[in-house]
Amino acid sequence: MSTTTMLKVTGLKVAYGGIQAVKGVNFEVHQGELVSLIGANGAGKTTTLKAVTGTQPVAEGTIEYLGRSIRGQGAWDLVKQGLVMVPEGRGTFTRMTIVENLQMGAFIRNDNEIDADIEKVFVLFPRLKERRNQLAGTMSGGEQQMLAMGRALMARPKVLLLDEPSMGLSPIMVDKIFEVVNDIHQRGTTVLLVEQNASRALGLANRGYVMDSGEITMTGDAKALLNDPKVRAAYLGE
Ligand SMILES: Nc1ncnc2c1ncn2[C@@H]1O[C@H](COP(=O)(O)OP(=O)(O)OP(=O)(O)O)[C@@H](O)[C@H]1O
Ligand SMILES: [Mg+2]
């Protein structure tokens, strides 16, 4: 059986002014996989995702999505092609209601299943249904994370990129978010999950990459990484 490579990044370098934040990173994500990218504050995880999704200029390297170069393409074009990111800090439209935010997620579509997909998001996140007419800006952090994920799903992603979805949430909400990430993956969406919560992220993943100071320092089967003494010492507080 051949595997389809959804995303392939080679020699990626990104700089902010004179400071190199990403220093030649290689990784790939195959169809149906959940891949976790872990690493400490400032490792370059968000910068990597921004470069992939066209919101941060690339200094060097190649980025291929479904076998074709997407380097230089803007975020909207990529969403149309099924490459969708939920950014760090969520980025919901605070002065719109939940339903309006979800509709915005489907702005690239013109089929007649949008309302049905909103109902599917409500099945995943019943809390959003209860609050459907509430302004997004008045919701809790966890609710906004649910909304950001729901909005991304409305674009019917082929590859979903999640940047620290559990950040700043209560333990119960963290459980809920990881449960839904797992659910989204189990239903067939390919997922690249960026997390500082290494144990949870690797616990769900098929494969993982460890990023440190702008470089990928380790990669492999997620369970093997989870059991690796170096990973445990550096990222699991052991
Ligand atoms: N807009 C910016 N201008 C200048 N430097 C930046 C900018 N954004 C990020 N950096 C720097 O680039 C490096 C990588 O940051 P990045 O946000 O990618 O890390 P991260 O791995 O996502 O960290 P965290 O887990 O804290 O979100 C850091 O040193 C950061 O200070
Ligand atoms: Mg980040």
Failed item in (1) in a loop (DSSP other than H, G, I, E, B); (2) within 16 Å of ligand 2 (Cβ to nearest atom); (3) touching a Gly at 6+ places or on another chain (Cβ under 8 Å), with GLN56 passing the rest: (3)
Could you check, for the stretch 67-87, whether at least one of its residues is closer than 26 Å to GLY141 by Cβ, touching a helix residue (DSSP H, G or I) at 6+ places or on another chain (Cβ under 7 Å), assigned to a strand (DSSP E or B) and open to solvent by 20 Å² or more (accessible area, probe 1.4 Å)? yes
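Check ALA148, ALA201, ALA233, ALA222 and return the single one that is touching a residue at least 60 places away in the same chain (Cβ under 8 Å), out of contact with any Phe, Trp or Tyr (no Cβ under 6 Å at 6 or more places or on another chain) and away from ligand 2 (no atom under 16 Å from the Cβ). Please lay out each step first, then the result.
Numbers: ALA148 fails: away from ligand 2 (no atom under 16 Å from the Cβ); ALA201 fails: away from ligand 2 (no atom under 16 Å from the Cβ); ALA233 fails: touching a residue at least 60 places away in the same chain (Cβ under 8 Å).
None of the other options fit; the residue is ALA222.
For the stretch 48-66, indicate whether the set of residues that are small (Gly, Ala, Ser), open to solvent by 40 Å² or more (accessible area, probe 1.4 Å) and touching a residue at least 40 places away in the same chain (Cβ under 8 Å) is non-empty. Before you say what the answer is, go through the steps one by one.
Residues of the stretch 48-66 small (Gly, Ala, Ser): 51, 54, 59, 61.
Now restrict to residues that are open to solvent by 40 Å² or more (accessible area, probe 1.4 Å): 59.
Next, only the ones that are touching a residue at least 40 places away in the same chain (Cβ under 8 Å) stay: 59.
Within the stretch 48-66 (the criterion being small (Gly, Ala, Ser), open to solvent by 40 Å² or more (accessible area, probe 1.4 Å) and touching a residue at least 40 places away in the same chain (Cβ under 8 Å)), the answer is yes, since at least one residue qualifies.
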Residue hits (the stretch 110-131; over 24 Å from VAL174 (Cβ atoms) and surrounded by 15 or more Cβ atoms within 10 Å (Cβ to Cβ)) are ILE114, ASP117, ILE118
Answer with yes or no whether LEU7 is open to solvent by less than 80 Å² (accessible area, probe 1.4 Å), away from ligand 2 (no atom under 16 Å from the Cβ) and touching a Leu at 6+ places or on another chain (Cβ under 8 Å). yes
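Which residues, counting only those in the stretch 88-109, are within 16 Å of ligand 1 (Cβ to nearest atom) and open to solvent by 60 Å² or more (accessible area, probe 1.4 Å)? Break it down stepwise before answering.
Here is the first cut: in the stretch 88-109, the residues within 16 Å of ligand 1 (Cβ to nearest atom) are 88-91.
Passing the criteria: only GLU88.
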So, in the stretch 17-34, exactly how many residues are farther than 24 Å from HIS185 by Cα, open to solvent by 40 Å² or more (accessible area, probe 1.4 Å) and in contact (Cβ under 8 Å) with a residue 24 or more places away in the chain? 2
Among the numbered criteria (1) closer than 15 Å to ARG90 by Cβ; (2) of a type in the set (Ser, Thr, Tyr); (3) within 16 Å of ligand 1 (Cβ to nearest atom), which single criterion is violated by TYR209? (1)
Return the residues of the stretch 113-137 that are more than 15 Å from MET96 (Cα to Cα), in contact with a helix residue (DSSP H, G or I) (Cβ under 6 Å, 6 or more places away or on another chain) and in a loop (DSSP other than H, G, I, E, B); say none if nothing qualifies. PHE125
Here are some conditions: (1) small (Gly, Ala, Ser); (2) open to solvent by 40 Å² or more (accessible area, probe 1.4 Å); (3) within 15 Å of ligand 2 (Cβ to nearest atom). GLY44 meets all but one. Which one does it not meet? (2)
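Here is a yes/no grid of residues against (1) within 16 Å of the chain's Cα centre (by Cα); (2) of a type in the set (Lys, Arg); (3) at pLDDT 95 or above; (4) not in a loop (DSSP other than H, G, I, E, B):
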position	(1), (2), (3), (4)
LYS23	no, yes, yes, yes
GLU28	yes, no, yes, yes
GLY32	yes, no, yes, no
ASN41	no, no, no, no
LEU49	yes, no, yes, yes
GLY61	no, no, yes, yes
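The values are calculated or read from the model by the stated rules, or taken from the named source; none is laboratory data. Remember, it's a predicted structure, so these values are computed and weren't measured experimentally. Cβ: placed from backbone, ideal geometry, glycine included. Neighbour counts: every protein chain shown. What goes into the accessible areas is simple: the full protein's heavy atoms, side chains included, and nothing from ligands, DNA or RNA. Shrake-Rupley method; radii C 1.70, N 1.55, O 1.52, S 1.80 Å.
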